[in-house]
1. Hey, could you check the range 134-152 for residues that are among the aliphatic types (A, V, I, L, M) and in a helix (DSSP H, G or I) and say which is farthest from R104 (Cα to Cα)?
2. What number of residues within the range 119-142 are out of contact with any Asp or Glu (no Cβ under 7 Å at 6 or more places or on another chain), surrounded by 15 or more Cβ atoms within 10 Å (Cβ to Cβ) and either closer than 30 Å to R233 by Cβ or among the hydroxyl-bearing types (S, T, Y) (or both)?
3. Restricting to the range 192-223, what's the tally of residues that are within 10 Å of L112 (Cβ to Cβ) and either among the charged types (D, E, K, R) or not in a loop (DSSP other than H, G, I, E, B) (or both)?
4. For the range 191-212, how many residues meet the condition of being touching a Phe, Trp or Tyr at 6+ places or on another chain (Cβ under 7 Å) and farther than 18 Å from R107 by Cβ?
5. If G44 passes every condition in (1) modelled with pLDDT of 90 or more; (2) loosely packed, with under 14 Cβ neighbours inside 10 Å but one, which one does it miss?
6. List pairs: first residue in the range 71-96 and within 22 Å of K220 (Cβ to Cβ), second residue loosely packed, with under 15 Cβ neighbours inside 10 Å and among the polar types (S, T, N, Q) anywhere in the structure, Cβ distance under 8 angstrom, at least six positions apart or on different chains.
7. Would you check if R237 is among the basic types (K, R), assigned to a helix (DSSP H, G or I) and closer than 21 Å to F115 by Cα?
8. Output the residues belonging to the range 103-133 that are modelled with pLDDT of 95 or more, touching a strand residue (DSSP E or B) at 6+ places or on another chain (Cβ under 6 Å), not acidic (D, E) and not in a strand (DSSP E or B).
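The values are calculated or read from the model by the stated rules, or taken from the named source; none is laboratory data. Just so you know, these numbers come straight off a predicted model, no measurement behind them. With ideal geometry, Cβ positions are generated from the backbone for all residues, glycine too; neighbour counts draw on all protein chains shown.
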Amino acid sequence: MRIQKYLSRAGVASRREAERLVLEGRVRVNGRLIRELGVAVVPGADRVEVDGRPVVPGEEGGVGTWLMLHKPRGVVTTRRDPQGRSTVYGMLPPEYRTLRYVGRLDRDTEGLLLFTDRGELLHRLTHPSFGVEREYRVWVQGTPHRGTLDRLRKGVQLEDGPARAREVRLVRGTQDGAVLQVVMVEGRKREVRRLLEAVGHRVTRLCRVRFGPLRLGGLKAGEWRPLNNHEIRALARAAGVRDQEDGE
């Protein structure tokens with residue numbers, strides 16, 4: 001199988017993107033750096049790496065391993081915590097603890113967290129240039145006025161640069177504030193909290209309910225499940241990777 005088809009089948013990138021990875025010198029076969037298109041590999045026999053990470057097609061269509069976790073509040077998104085706090089990897093079975101998380105959630109944020117062994121698609125899903133949406137349910141103190149919501153859509157200057165919500169909507173009022181629906185395409189550190197606080201509304205609870213086309217649904221806090229092939233391919237399409245072709 002040609003290397004660009006192998007990478008495409010593995011869910012790393014589209015055929016054209018795979019060609020770019022080869023030409024940029026980011027692919028190794030059996031430890032040898034390759035820069036020529038059309039190099040043949042034997043799945044299951046040859047060792048293929050992209051940026052130093054092994055690429056192994058999954059058994060079902062080469063889409064790799066993907067999990068969804070409902071991260072509870074108070075759990076940190078890291079493999080090991082020097083302070084001894086609970087981590088998201090402690091909530092997964094041992095065989096899945098080598099996976100990488102897709103878009104960190106801070107300790108006080110709950111909700112949808114993805115894990116994968118597909119580095120290139122992970123990059124596309126999290127880099128803002130690909131515009132993959134993240135949707136949050138946000139509880140705030142006080143009720144934002146229409147003008148405040150407009151400010152959030154137009155952009156607010158933060159200490160690390162301007163930030164804005166792609167969408168923001170008032171869902172309902174609460175006893176001491178409101179619940180908002182906020183859609184972002186960036187994942188900067190504590191960005192949603194800082195954005196709301198910049199317009200005068202402190203966040204009291206924050207939950208990511210959607211990443212790209214995938215929703216948290218009825219998954220309970222602390223529970224996880226594997227993604228099916230349909231969901232994985234929907235993620236790939238959201239990141240601009242077209243369905244793999246069958247030809248050589």
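1. Of all residues in the range 134-152, those among the aliphatic types (A, V, I, L, M) come to 138, 140, 149, 152.
Imposing the further condition that a residue be in a helix (DSSP H, G or I) reduces the set to 149, 152.
On the way: L149: 25, L152: 22 Å.
Residue satisfying both the conditions and the ranking: L149.
2. Looking only at that region, the number is 14.
3. 7
4. The number of residues fulfilling the criteria is 1.
5. The failed condition is (1).
6. As it stands, the answer is G74/S86; V75/S86; V76/S86; T87/T78; V88/T78; Y89/T78, since those pairs meet every condition given.
7. Criteria met by R237.
8. Answer for the range 103-133, where residues must be modelled with pLDDT of 95 or more, touching a strand residue (DSSP E or B) at 6+ places or on another chain (Cβ under 6 Å), not acidic (D, E) and not in a strand (DSSP E or B): L105, R107, T109.
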